[in-house]
Each structure stands twice: as structure tokens, then as C-alpha cells.
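Notes follow the structure.
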Amino acid sequence: MSSSDNARSRTITWELPVLDPAELAGMSGLDYLRRGLDGENFRAPIGALIGFRPVRFDEGVAVFESTPAEYHYNPIGSVHGGFAATLLDSALGCSIHTMLKPGFGYTTVELKVNYVRPLKLSTGRVTCEGKVIHVGGRIATSEARLTDADGKLYAHGTTTCLIFPLGEKR
């Protein structure tokens, strides 16, 4: 059997996340993220690439979901760790974003991921919930858990983010 007998293809479509800087600067982080929950305004190309979507944003909380697919697999027959890390990074960062005042942004400084068990196609839909631990003037931390529909843990992580005024040269 040749490798072309097993070939698959996937087409990805996304919209550029072009933002009006004045609009972004005038909204709290929570208001900005919540406007994306309608599906129309969630324009994160990484969401289209990996295949995940936001579920809920509350003060200090961000929840995403996805379903492991064949195209997430690594060569040893399980979902690549980058899939879980991407979901964790999104939930961790967005939980912090929900706490930001208008005119502020953030960037990840450090990401720590712990893998507990492998994800597979049979895992089904997974949910990643991030929760803020601390938000200061310049540094914020959060934690997140990646679980299946039964609440079984697959990975967990923490992050440290730098908070900065939008428009500030870094």
C-alpha cells in the first residue's frame, strides 16, 4: 500500500483578525471577548487551524472546546501535545484578558503544561477552562484544566502574562 492510499486533505478558511485599535482600546477585556461568542466576531485564525471555539467568558474565566481529530495526530498514534498546549494557552491567556481594563493588552511570558494522559479520537469533545490566579499591575497568572465530557483530566497548566498599555512599544 502506498502512502497516497492513506492521503487525507483539509481545507481551512479564516478571516483576518483586523481590529480597529480605537475600538479595542475602548473595551474591557471581558466585553471584547464576549462579543466573539456569537461566532461572527471570533476571528482567531488559530481557532480555525486547530479546530476549537470559545464557549464562555466570565470575569476571571475562559472556556474553550474542541474535538480531537485525525489531523491532530502525531506519528506514534495519539494527539500531538501541541493541541492540548494550544487549548491551554488560549484558556489561560483569555482568562487573564477578561480582567483587563480598557486600553490594556497582554502577552504570554511563560507557559507550563503537564500532560496526564494521551488524547485520542475516542476521547471525544474536550473542554479547557482557564481561571485567573492573580492579576497585578504588570504581571498576571492563571491555571487551566483540559478535561473530557466525563471530567477526566488530560492536561493542566499555568501561565504568567505581561500586562501592558495598548500602543506601548515593547
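The values are calculated or read from the model by the stated rules, or taken from the named source; none is laboratory data. What you see is a predicted model, and the numbers here were worked out from it, not measured in a lab. Heads up, the Cβs are rebuilt from the backbone with ideal geometry, glycines too, and the neighbour counts pull from every protein chain shown.
Residue selection: ALA48 satisfies the criterion of being among the small types (Gly, Ala, Ser) and within 18 Å of the chain's Cα centre (by Cα). Just to be sure, is ALA62 assigned to a helix (DSSP H, G or I), in contact (Cβ under 8 Å) with a residue 60 or more places away in the chain and under 30 Å from LEU166 (Cβ atoms)? No: the conditions fail for ALA62. From the list GLY151, GLY103, GLY157, the one residue that fits, being on the phi > 0 side of the Ramachandran plot and touching a residue at least 40 places away in the same chain (Cβ under 8 Å), is GLY103. Residues that are of a type in the set (A, V, I, L, M) and more than 27 Å from PHE83 (Cβ to Cβ) were ranked within the range 129-143; the one that is surrounded by the most Cβ atoms within 10 Å (Cβ to Cβ) is VAL135.
Of the residues that make up the range 83-97, is at least one more than 15 Å from the chain's Cα centre (by Cα), at pLDDT 95 or above and not small (Gly, Ala, Ser)? There is no residue in the range 83-97 that is more than 15 Å from the chain's Cα centre (by Cα), at pLDDT 95 or above and not small (Gly, Ala, Ser). Only one entry of LEU146, LEU119 meets the criterion of being of a type outside the set (Gly, Ala, Ser), surrounded by 15 or more Cβ atoms within 10 Å (Cβ to Cβ), in contact with a helix residue (DSSP H, G or I) (Cβ under 8 Å, 6 or more places away or on another chain) and not in a strand (DSSP E or B), and that entry is LEU119. Here ILE12 fits the description: assigned to a loop (DSSP other than H, G, I, E, B), surrounded by fewer than 16 Cβ atoms within 10 Å (Cβ to Cβ), at pLDDT below 95 and not hydroxyl-bearing (Ser, Thr, Tyr). Candidates GLY36, GLY47, GLY105: the one that is assigned to a strand (DSSP E or B), at pLDDT below 95 and surrounded by 13 or more Cβ atoms within 10 Å (Cβ to Cβ) is GLY105.
Tell me whether the range 64-77 contains one or more residues that are at positive phi and more than 13 Å from the chain's Cα centre (by Cα).
yes
Restricting LEU87, LEU166 to those that are closer than 25 Å to PRO21 by Cβ and in contact with a Leu (Cβ under 7 Å, 6 or more places away or on another chain) reduces the list to LEU166.
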